[in-house]
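These notes are about the structure you will find just below.
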Amino acid sequence: MVIIIGSQKGGVGKSTIAVNLCTVLAHQGKDVILVDSDRQSSSSNWAEDRAEDPDLPKVNFVQKYDNLRATLKDLNSRYEYVIVDAAGRDSKELRTGLVAANILLMPVRPSQFDLDTIPTMQEMVAEVREELNPELKFKAVLSMAATNPVIHEADEAEKYLQDCEDIELLKVVICERKVYRDSIYAGRGMGAIEMDNTKAKVEMNKLVKELFV
Ligand SMILES: Nc1ncnc2c1ncn2[C@@H]1O[C@H](COP(=O)(O)OP(=O)(O)OP(=O)(O)O)[C@@H](O)[C@H]1O
Ligand SMILES: [Mg+2]
C-alpha cells in the first residue's frame with residue numbers, strides 16, 4: 001500500500017507525520033519503507049539518524065525525486081507499506097506519486113491560509129482520479145492543532161473539511177506537542193511513540209488505525 005503525505009502548503013507537518021507513521025508500523029512488525037521525495041531531506045535525515053541506533057525498530061528509506069511512479073510501483077510490490085514524504089508544493093513528485101498511490105493523506109493546519117489551499121489539492125486529485133488513478137483515496141487530518149481548549153480554530157477547520165465531499169476527514173486530531181519536535185531533535189531519529197508522552201502515543205496509534213481500516 002502506498003500512502004503519500006502531501007499538501008500544497010509547506011510546514012504543515014508532512015515529514016513529522018511520515019516518520020511517525022513509519023515508527024508505528026515498524027513497532028507493529030510491518031514491512032515499511034519511507035520514500036523521501038523532498039530535496040530538503042528532512043525525513044531521510046531522520047531515517048539516517050535512526051539507523052545509527054540499533055535498539056530502534058528499523059525503518060528502511062530511499063530518496064527519490066522527479067517521477068516517482070515507477071519507483072513506487074516497484075516498492076509497492078516489495079513492501080507492505082510505502083510511506084512517501086512529498087515536498088510542500090505542487091511538485092512533479094506529488095503529481096507522479098499520486099498516480100501510483102492508494103491514499104493521499106493531506107495534513108491541514110487549522111488556519112485560513114491552509115484552508116485556502118485545499119481547492120487546489122481537490123483539483124489535483126480530481127485530475128489524477130479522472131485520468132490515471134480512479135481508486136485514489138483522499139484523506140485529510142488536522143495537524144498542529146492547539147491543545148488549548150479555548151482556541152476553536154480546529155473546530156472551524158473540521159466543519160470546512162466535513163463539507164468537502166471528496167475528502168475523508170480522519171477523526172484523530174494531531175495536536176501541537178513539543179514531543180514531536182523532541183523526538184527528532186539532535187539526531188535522535190525517533191518517533192513520538194518512543195518518547196514518554198501518552199497523548200502523542202494515542203494520537204499516532206489512532207492515526208495508523210484509522211488510515212488502514
Ligand atoms: N504536531 C506537531 N507538534 C509540534 N511541532 C510540530 C508538529 N508537527 C510538525 N511540527 C514541527 O513543525 C515544523 C514543520 O513540520 P514538518 O517539517 O513536519 O512539516 P512539513 O509539512 O514536512 O514541512 P515542509 O513543507 O517544509 O516539508 C517542524 O519544526 C516540526 O518539528
Ligand atoms: Mg517536509
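The values are calculated or read from the model by the stated rules, or taken from the named source; none is laboratory data. Model, not experiment: these values are computed from the prediction. Methodologically, a virtual Cβ is constructed for each residue, glycine included, from the backbone with ideal geometry; neighbour enumeration extends over all protein chains shown.
Residues that are more than 18 Å from TYR65 (Cα to Cα) and among the aliphatic types (A, V, I, L, M) within the stretch 1-16 comprise MET1, VAL12, listed in sequence order.
Condition test on ILE4, is it among the aliphatic types (A, V, I, L, M) and either surrounded by fewer than 18 Cβ atoms within 10 Å (Cβ to Cβ) or out of contact with any Gly (no Cβ under 6 Å at 6 or more places or on another chain) (or both)? For ILE4, the condition - among the aliphatic types (A, V, I, L, M) and either surrounded by fewer than 18 Cβ atoms within 10 Å (Cβ to Cβ) or out of contact with any Gly (no Cβ under 6 Å at 6 or more places or on another chain) (or both) - is not met.
For the stretch 164-205, give me each residue that is among the basic types (Lys, Arg) and crowded, with 16+ Cβ neighbours inside 10 Å. Write out each step before concluding.
Of the residues in the stretch 164-205, the ones among the basic types (Lys, Arg) are 171, 177-178, 181, 188, 199, 201.
ARG177, ARG188, LYS201 - these are the residues of the stretch 164-205 that are among the basic types (Lys, Arg) and crowded, with 16+ Cβ neighbours inside 10 Å.
The set of residues from the stretch 64-90 being under 16 Å from the mean Cα position of the chain (by Cα) and outside any helix (DSSP H, G or I) comprises TYR81, VAL82, ILE83, VAL84, ASP85, ALA86, ALA87, GLY88, ARG89, ASP90.
Scanning for something within 15 Å of LEU104 (Cα to Cα) and either within 16 Å of ligand 2 (Cβ to nearest atom) or assigned to a helix (DSSP H, G or I) (or both), does the stretch 39-60 turn up at least one residue? Can you show your working first?
We begin by selecting, within the stretch 39-60, every residue within 15 Å of LEU104 (Cα to Cα); these are none.
Within the stretch 39-60, not a single residue is within 15 Å of LEU104 (Cα to Cα) and either within 16 Å of ligand 2 (Cβ to nearest atom) or assigned to a helix (DSSP H, G or I) (or both).
Restricting LYS171, LYS209 to those that are at pLDDT 95 or above and part of a helix (DSSP H, G or I) reduces the list to LYS209.
Of all the criteria given as (1) farther than 20 Å from LEU72 by Cβ; (2) in contact (Cβ under 8 Å) with a residue 60 or more places away in the chain, the one not satisfied by GLY29 is (2). How many residues are closer than 21 Å to LEU115 by Cα, of a type in the set (Asp, Glu) and not in a helix (DSSP H, G or I) if we restrict to the stretch 125-151? Total meeting the criteria: 0. Of the residues examined, THR96 is one that is buried (at least 16 other Cβ atoms within 10 Å of the Cβ), at pLDDT 95 or above and not hydrophobic (A, V, I, L, M, F, W, C). Inspect the stretch 114-121 for any residue being within 16 Å of ligand 2 (Cβ to nearest atom), modelled with pLDDT under 95 and in a helix (DSSP H, G or I) and give the result as yes or no. Checking the stretch 114-121: at least one residue is within 16 Å of ligand 2 (Cβ to nearest atom), modelled with pLDDT under 95 and in a helix (DSSP H, G or I).
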